[in-house]
Amino acid sequence: MAAALESGAPRAHKELVKTVQLEGQVLLKIIQHCSEALPQLVTGQLLGLDVGQQLEVTDCFAFPAAVADDEVEAESAGANYQLEMMRCLREVNVDNNTVGWYQSANMGTFQTVELIETFINYHENIKKCVCIIYDPQRSARGNLALKAIRLKESFIELSKEQKLTLKGFQEAKLSWRDIFVELPIKVRNSNLVQALVADLMPAPTATQADVDRLNLSVAPFLERNIQSLMECVDDIVQEQQKVSTYHKNVARQQQLYAAWLQKRRQENTQRLQDNLEALPEEDPTQFKPIPEPSMLDNYLVTNQIATYCDQINNAASEAIQKLFLMEGMQKASL
């Protein structure tokens, strides 16, 4: 990805992106790439322009799957592929400005440290960059699971300063909800595309997607979400144990320092009585400050838990609505 950043970075702006405009063909490419690669997670490059507070995504291309066993070799091959693609697009006069990337997700799982690191790497060259998240498994239920996200500017600054601790988050007044910013997406088609779609549009009939929306079976979807939710709860317990261990170590160190300081003061009192120079009451080599653990993993897991809860809530709400609909149809003898 770094190679594409250096070659296709647009100029920096102080304005923040508030909306994302996707071309219809870009959306179709993303859906096709992510759906055909299931169950493997894939990613690709977004190309376009930033106009004021709107980011226009006009084209994209997929990143090839890594086939090399050596990680360095695979990364080098991916960088060469990106540079070659950018050169080819430039030759045919296609927008080749990198504005972000897209990636597939599995049941809403995308809040990871790797995603944060990718955002930070992009932000070094592209201030206006977004990530398009597409979930093919959730989309199979009849609703398009697509979202555009970016990192909050204050969180990026906090990450660059390496202050992702509880104290750092509190001083910046950031919570786990303030890591990602979800942006509204607008899908745009040219007039020629709209005319072609209108000409090819068949007579209004029930499609497979319409039938899928009426499916009353939500148990498998809820089961997978609840299982993932339980795994996240285990992760958050482990993160809390790290914080608890840190506070115990700090308290133990303070007790040891207090005992050492009391002993040193007694020694200094005796040395003063013997007309000797007092020893220093600070020993930085013996009591070094214990580094505070990062809260990034904790906040990301909490964010993921909120995502699973929202998915479970929406699925349960849709199921109840369908049941009431079926009950009404049965009473009406339809």
(request) Looking only at region 132-139, decide whether some residue is among the acidic types (Asp, Glu), open to solvent by 60 Å² or more (accessible area, probe 1.4 Å) and out of contact with any Pro (no Cβ under 7 Å at 6 or more places or on another chain). (result) no
(message) I'd like to verify a number: residues in region 43-54 that are at negative phi and either in contact with a Lys or Arg (Cβ under 7 Å, 6 or more places away or on another chain) or open to solvent by 20 Å² or more (accessible area, probe 1.4 Å) (or both), how many?
(response) 6
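With the structure loaded, tell me whether Glu282 is within 30 Å of Phe155 (Cα to Cα), of a type in the set (Asp, Glu) and outside any helix (DSSP H, G or I) or whether it fails that test.
Judged against the criteria, Glu282 is not a match.
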(request) Identify all residues within region 295-334 that are open to solvent by 40 Å² or more (accessible area, probe 1.4 Å), hydroxyl-bearing (Ser, Thr, Tyr) and not in a loop (DSSP other than H, G, I, E, B); write none if there are none. (result) Ser317
(request) Would you mind telling me which numbered condition in (1) within 24 Å of Glu124 (Cβ to Cβ); (2) modelled with pLDDT of 85 or more Gln162 fails? (result) (2)
(request) For region 167-191, name all the residues that are polar (S, T, N, Q) and surrounded by 11 or more Cβ atoms within 10 Å (Cβ to Cβ). (result) Gln170, Ser175, Asn189, Ser190
(request) Go through Glu292, Glu239 for me and flag whichever is in a helix (DSSP H, G or I) and surrounded by 14 or more Cβ atoms within 10 Å (Cβ to Cβ). (result) Glu239
(request) Hey, can you tell me all the residues within region 265-289 that are open to solvent by less than 100 Å² (accessible area, probe 1.4 Å) and of a type in the set (D, E, K, R)? (result) Glu267, Arg271, Asp274, Glu281, Asp283
(request) Restrict the check to region 106-114 and report whether at least one residue is at positive phi and of a type in the set (A, V, I, L, M). (result) yes
(message) Considering only residues that are in contact (Cβ under 8 Å) with a residue 12 or more places away in the chain and on the phi > 0 side of the Ramachandran plot, which ones fall in region 140-163?
(response) Gly142
(message) I need every pair where a residue in region 164-181 that is in contact (Cβ under 8 Å) with a residue 60 or more places away in the chain and farther than 19 Å from Ile290 by Cβ has its Cβ under 7 Å from the Cβ of a residue that is of a type in the set (Ser, Thr, Tyr) and open to solvent by less than 40 Å² (accessible area, probe 1.4 Å), sequence separation at least 6 or different chains.
(response) Trp176/Tyr299; Trp176/Thr302; Ile179/Tyr299
(message) All but one of (1) open to solvent by 70 Å² or more (accessible area, probe 1.4 Å); (2) touching a residue at least 60 places away in the same chain (Cβ under 8 Å) hold for Thr112; state the number of the condition that does not hold.
(response) (1)
(request) Could you tell me whether region 246-264 includes any residue that is open to solvent by less than 40 Å² (accessible area, probe 1.4 Å) and in contact (Cβ under 8 Å) with a residue 40 or more places away in the chain? (result) yes
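The values are calculated or read from the model by the stated rules, or taken from the named source; none is laboratory data. Since we're looking at a predicted model, the values are computed, not measured. Cβ sites come from the backbone with ideal geometry, for glycine too, and all protein chains shown count toward neighbours. These area figures cover heavy atoms from the full protein model, side chains too; ligands, DNA and RNA do not enter into them. Shrake-Rupley method; radii C 1.70, N 1.55, O 1.52, S 1.80 Å.
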